[in-house]
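Rule-based calculations on the coordinates, nothing more; no lab input. Because the structure is a prediction, the values reported are computed rather than measured. Glycine also receives a Cβ, built like all others from the backbone with ideal geometry; neighbour counts cover every protein chain displayed.
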Amino acid sequence: MILAKRVIVVGAGIIGGSIAWHLAKAGAEVTVIEAGEPGGVATRNSWAWINASWGNPETYFRLRIRSMAEWRRIDREVPGLEVSWCGGLTWDLPPEQLEAYAVEHIAWGYGIRRVDRAGALGIEPNIKQPPDFALHVAEEGKVEPLAAAKAFLTGAEAMGVTILRNSPAKWLEEKNGRITGACINDGVLHADEVVIAAGAGAATLLGSIGLSYDIGAPAGLLVHSKPAGEILHTLLQTPELHVRQTSEGRLVAGADFAGGDPADNPRGAAAALYKKVQDMVVGADQVELDFHTVGFKPTPGDGFPMIVRSQSREGLYIAVMHSGITLAPAVGLFATAELLEGKRDPLIAPYHPDRLLKVK
Ligand SMILES: Cc1cc2nc3c(=O)[nH]c(=O)nc-3n(C[C@H](O)[C@H](O)[C@H](O)COP(=O)(O)OP(=O)(O)OC[C@H]3O[C@@H](n4cnc5c(N)ncnc54)[C@H](O)[C@@H]3O)c2cc1C
């Protein structure tokens, strides 16, 4: 009889959730260790735009496109993900740069459509000052990030995954160059593989075995209105702010999708930002600001993901990234293939964490 591989996943955000779900589906024996309550730190405070938009090289674009396709697969398999393919309307670059983005990404196969003022208003009638030139990408989407992370974890639990809540991993156990487990309050849990999906907490945990990676955790401020009836149909990326509406009816906005700098006055920054939302969106002046959030974005030093079995230690897999909402389904799929079958998908080939190793 072949025994199932025992895997510990540290972190119950959207990345840990997706990896645990995919591993369980493939037959692994999985335990998720979470420092707090499931749902993540960055994940629950994310703008949660699923996209392969401007600013990235073609290799990374291809990974993102693949993950967008995997979102459509996973949406059929996991109940409660709350994915919506509402499309994105973008004019957050000067017109000549917007056009250069369109030319490049259309050549790569991205479904961009150029629209004028009337076209923009046709897609989103509630823009007070519509742009003369914008790009519409119907295949972009959004997800309610906390609901999605919880849906992955609920589905994983239904397949036998154990989730240990309020159980921070204090350090990793290492024997003869191999990671053999993780220490929590009750002692050391042992496994064949330990996956670090701990977001911004990954750096400290990896430090416990002497590995120092260049991982930042910049703050991102978003404002959330009170729930309202449907005002926006799509995701808007404008020069002033990025705004969308949640399934619950809240307008959620940031200086851009990744959230603005809260500086030393998050409340004041939130009020100023929400004023811009009200100035931009018809009907938003009737809707009050409810609260703001500040999320900490796990950000590898070069901005690209860290996804792979460590070359420095056996039994250790690292999955830390920004754009983790977009990437979660592909990361779960690819990490599982690598952990259980030793197969590494070419789309994640460039993203070896050891490129960011500072101290071994
Ligand atoms: C404001 C903002 C806007 C964003 N917008 C987008 C967007 O539009 N599109 C997009 O694709 N991405 C976006 N992102 C990025 C995306 O949200 C993150 O990349 C993603 O949520 C990371 O998920 P994660 O599971 O790796 O990390 P997290 O959600 O942070 O989860 C990590 C989990 O690990 C746990 N943990 C940490 N240390 C330990 C430990 N020692 N032991 C046990 N558990 C531990 C934490 O408690 C946490 O629950 C945004 C992020 C922010 C903050």
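Assorted remarks:
- Residues that are touching a residue at least 60 places away in the same chain (Cβ under 8 Å) and assigned to a strand (DSSP E or B), drawn from region 296-308: Phe296, Thr299, Pro300, Met306
- Being surrounded by fewer than 23 Cβ atoms within 10 Å (Cβ to Cβ), at positive phi and in contact (Cβ under 8 Å) with a residue 24 or more places away in the chain is a description that applies to Gly283.
- Within region 12-33, the set of residues being in contact with a Leu (Cβ under 9 Å, 6 or more places away or on another chain), crowded, with 24+ Cβ neighbours inside 10 Å and not aliphatic (A, V, I, L, M) comprises Gly16, Gly17, Ser18, Trp21, His22.
- Condition met for Glu104 (under 30 Å from Trp21 (Cβ atoms) and of a type in the set (Asp, Glu)): no
- Among the residues of region 243-263, some residue qualifies, meaning at least one is under 16 Å from Glu144 (Cα atoms), among the charged types (D, E, K, R) and either within 15 Å of the ligand (Cβ to nearest atom) or assigned to a strand (DSSP E or B) (or both).
- Scanning region 267-295 for residues that are part of a strand (DSSP E or B) and over 25 Å from the mean Cα position of the chain (by Cα) yields one hit, Val281.
- For region 1-107, the strands (runs of 3 or more DSSP E) that sit wholly inside it and include 1 or more residues that are closer than 27 Å to Thr293 by Cβ and away from the ligand (no atom under 13 Å from the Cβ) are 88-90.
- Within region 323-356, the set of residues being surrounded by 21 or more Cβ atoms within 10 Å (Cβ to Cβ) and either basic (Lys, Arg) or part of a loop (DSSP other than H, G, I, E, B) (or both) comprises Ser323, Tyr351.
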